[in-house]
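A quick write-up on the structure given underneath.
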Amino acid sequence: YRTDKLKLLKLNGVTRQGSVKLPTAPADGSGALPANPRYLAWAFFQQRDTGKKFLMVSVHLESRNDAGALIAVPNDKRDFGCGAEDDPTCGKVREAQAQEVVRTVAALNTENLPVVIAGDFASSRAELGGNKPYDVFMSSGLQNPLGDTAAIPAVTPPAGSRINIAYNSVNQMERKARRYGSDPAQNSTRNGASGA
C-alpha cells in the first residue's frame with residue numbers, strides 16, 4: 001500500500017493487522033477438495049488526507065475445482081471448471097470460505113467502519129452451481145459497488161458480441177492471453193466469466 005496515502009492503524013501500540021486461515025472443506029462436512037491452505041489478510045487503515053478509517057480485507061478463495069469438470073483446452077493442457085454439477089464441491093468450499101470472511105469481518109469491525117473486501121473469489125455469476133461467495137457476501141449486508149447481480153445461464157455468454165472467443169483472465173504464466181479452445185458450445189461460459 002502507499003504509505004503516503006494510507007496510515008496503518010495501531011491500538012495500544014499494536015499494529016491492527018493479521019490473517020485468518022480459511023476452511024478447506026464445505027460447512028456441511030461433505031467431500032472436501034485436497035487441502036490447499038487459503039487465508040484472509042486484514043488491516044485497519046486511515047486515509048491521510050481525509051482522516052477516514054476503514055478495514056481492508058484481501059482473500060484468495062479456493063481456486064481448484066472438481067475433477068469431474070475437466071475441460072479440454074488446446075496444446076494438451078487441461079482446465080477444471082466448477083460447473084460439472086448443480087452443487088459442486090468447489091462451490092461449497094468457496095461458500096464456507098466466504099462465510100468465514102463474513103464472520104471474521106464482523107468480529108474485527110467492532111467500530112462499524114467501512115469495509116473493503118478485495119481479492120480473487122474464484123467464482124463467477126456463470127457458475128452452474130451459482131456464485132456462492134457472492135450470495136454469501138450479499139446476504140450478509142455487504143454491498144457490491146459494481147451492481148450487475150443478475151445470474152447468467154451457463155449457455156449465455158457474458159459478452160454482448162464475441163470475436164475470437166473464449167479468453168479468460170487466467171493466464172497460467174503464459175506470455176500471450178490464454179484461450180480456451182474455439183468451440184462456442186463447449187467454451188461459452190469461459191468468455192469473460194471470471195468476474196464476480
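Values in this text are rule-based calculations from the coordinates and carry no lab data. Predicted model only: the values in this text are computed from it and were never measured. We place every Cβ from the backbone using ideal geometry, glycine too, and count neighbours over all the protein chains shown.
Find which of Ala41, Leu6, Gln17 sits farthest along the positive direction of the dipole of the range 1-50, computed with +1 on the beta-carbon of Lys and Arg, -1 on that of Asp and Glu, about the Cα centre. Working it through, the farthest residue towards the positive pole turns out to be Leu6. Taking amide H as placed 1.01 Å from N in the peptide plane, Leu22 has its amide H under 5 Å from the amide H of Arg38, Tyr39, Leu40, each at least 5 places away in sequence or on another chain. Inter-label distance, Gln143 to Val14: 3.2 nm, where each label sits 7 Å from its Cα along the C-beta direction. Sorting 132-138, 37-43, 106-112, 94-100 by average packing, meaning the other beta carbons within 10 Å per residue, from highest down gives 94-100, 132-138, 37-43, 106-112. For Lys21, neighbours were defined as the other residues whose beta-carbon sits under 12 Å from its Cβ, and their charges (Lys and Arg +1, Asp and Glu -1) total 0.
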